[in-house]
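K.L.:
Before I ask anything, let me first share the structure, which is written out below as structure tokens.
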Amino acid sequence: MLIERPPLLYRLLFPEAIWRINKRKRRVVYLTFDDGPIPEQTPWVLDILDRYGIKATFFMVGDNVRRNPGLLAEVRRRGHSVGNHTMHHLQGMKVTAHRYLRDVAEADALIDSPLFRPPHGIMRWKQSRALRSRYNIIMYDLVTRDYSAKLGPDDVVANVKRFARNGSIIVFHDSMKAAANMRAALPRAIGWLLSQGYEFEPLPME
């Protein structure tokens with residue numbers, strides 16, 4: 001549970017970040033995808049979202065955008081939001097603030113979004129303080145753990161069923177590491193959320 005739903009103590013470390021958006025009068029969730037875009041996964045995700053008529057938000061690694069600029073354009077063309085996930089998927093605790101901020105800026109030149117999510121949900125306070133003047137820092141309320149080799153699709157769907165709630169920002173991954181679990185679990189998770197009366201919205205780009 002410490003991974004699937006970040007505990008309150010961890011959320012309090014980054015009070016400026018957005019972890020959940022509870023609209024109270026409506027049951028809304030925010031589906032997000034990290035680590036793309038890549039041709040092996042992102043177009044498939046887009047087609048699934050189209051099938052269900054829902055919109056999501058893609059937090060993109062700048063180096064993947066550099067390799068696949070057409071995918072960034074396609075994600076936007078289909079009405080989804082995009083966010084910055086650093087240029088090289090850097091974990092903030094492992095690099096200096098200067099290097100981290102430079103990497104984010106390099107990705108920003110390609111992605112141009114006011115939304116930022118730190119890889120692994122980890123960064124230094126100094127990095128966070130510097131970034132919040134330029135970005136809305138988006139964390140998450142539910143990590144599906146589709147990337148885990150220790151879990152199968154049933155486990156991923158079970159995580160969604162157990163932890164999703166009104167306002168949840170939900171993390172899947174359009175990456176090769178998560179491919180098997182994500183492809184099997186995503187349609188089932190979407191179907192279950194719809195059956196529970198949830199609506200889907202992209203994160204606002206403002």
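K.L.:
Need one word for the range 1-130: rounded, prolate or oblate. Basis is the Cα gyration tensor (sqrt eigenvalues a ≥ b ≥ c); a/c below 1.5 gives rounded, then a/b vs b/c decides.
P.N.:
oblate
K.L.:
Hey, any idea what % of the range 80-130's accessible area is carbon plus sulfur with a 1.4 Å probe?
P.N.:
Carbon and sulfur together cover 56 percent of it.
K.L.:
Turning to a different aspect of this structure: Quote to one decimal, in nm, the extra length available between Lys23 and Asp154 on full extension: 0.36 nm per residue of separation minus the C-alpha distance between them.
P.N.:
So the chain would gain 44.3 nm between Lys23 and Asp154.
K.L.:
Quick query: amide H of Arg20 versus all other amide H atoms, modeled in the peptide plane; which residues come in under 5 Å with a sequence gap of 5 or more or a different chain?
P.N.:
It is none; the list stays empty.
K.L.:
Let me ask something else about it. Before rounding to the nearest 500, sum -39500 (n - 2.57) across all DSSP H runs of length at least 4 in the chain and divide by the residue total; then give [θ] at 222 nm in deg cm²/dmol.
P.N.:
Rounded to the nearest 500, the figure is -12000 deg cm²/dmol.
K.L.:
Still on this model: Setting aside same-chain residues fewer than 8 positions from Lys177, which aspartates and glutamates have a Cα under 14 Å from its Cα?
P.N.:
Those aspartates and glutamates meeting the cut-off are Asp34, Asp35, Glu40, Asp146.
K.L.:
Calculate, for the chain, the solvent-accessible area per residue in square angstrom, rolling a 1.4 angstrom probe over the heavy atoms of the protein chains.
P.N.:
Counting only protein heavy atoms, the per-residue value for the chain is 46 Å².
K.L.:
Among all the lysines, which ones have a C-alpha under 21 Å from Lys126's C-alpha, if same-chain residues fewer than 8 places away are not counted?
P.N.:
Lys94
K.L.:
At 7 Å along the Cα-to-beta-carbon direction for both Lys177 and Arg76, put a label point, then send me their distance in nm to one decimal.
P.N.:
The answer from the label model is 2.7 nm.
K.L.:
If you stretched the chain out fully between Leu8 and Gln196, how much longer would it get, using 0.36 nm times the residue separation minus the C-alpha to C-alpha distance?
P.N.:
Length difference between fully extended and current span is 65.1 nm.
K.L.:
Could you tell me which of rounded, prolate or oblate describes the range 27-66, using a ≥ b ≥ c as the square roots of the eigenvalues of the alpha-carbon gyration tensor, with rounded for a/c under 1.5 and, failing that, prolate when a/b is larger than b/c and oblate otherwise?
P.N.:
The shape class here is oblate.
The values are calculated or read from the model by the stated rules, or taken from the named source; none is laboratory data. Predicted model, so just to flag it, every value in this text is computed and none were measured. Please note: Cβ atoms are built from the backbone with ideal geometry, for glycine as well, and neighbour counts cover all protein chains shown. Ligands, DNA and RNA are excluded from the accessible area calculation, which covers all protein heavy atoms including side chains. Shrake-Rupley method; radii C 1.70, N 1.55, O 1.52, S 1.80 Å.
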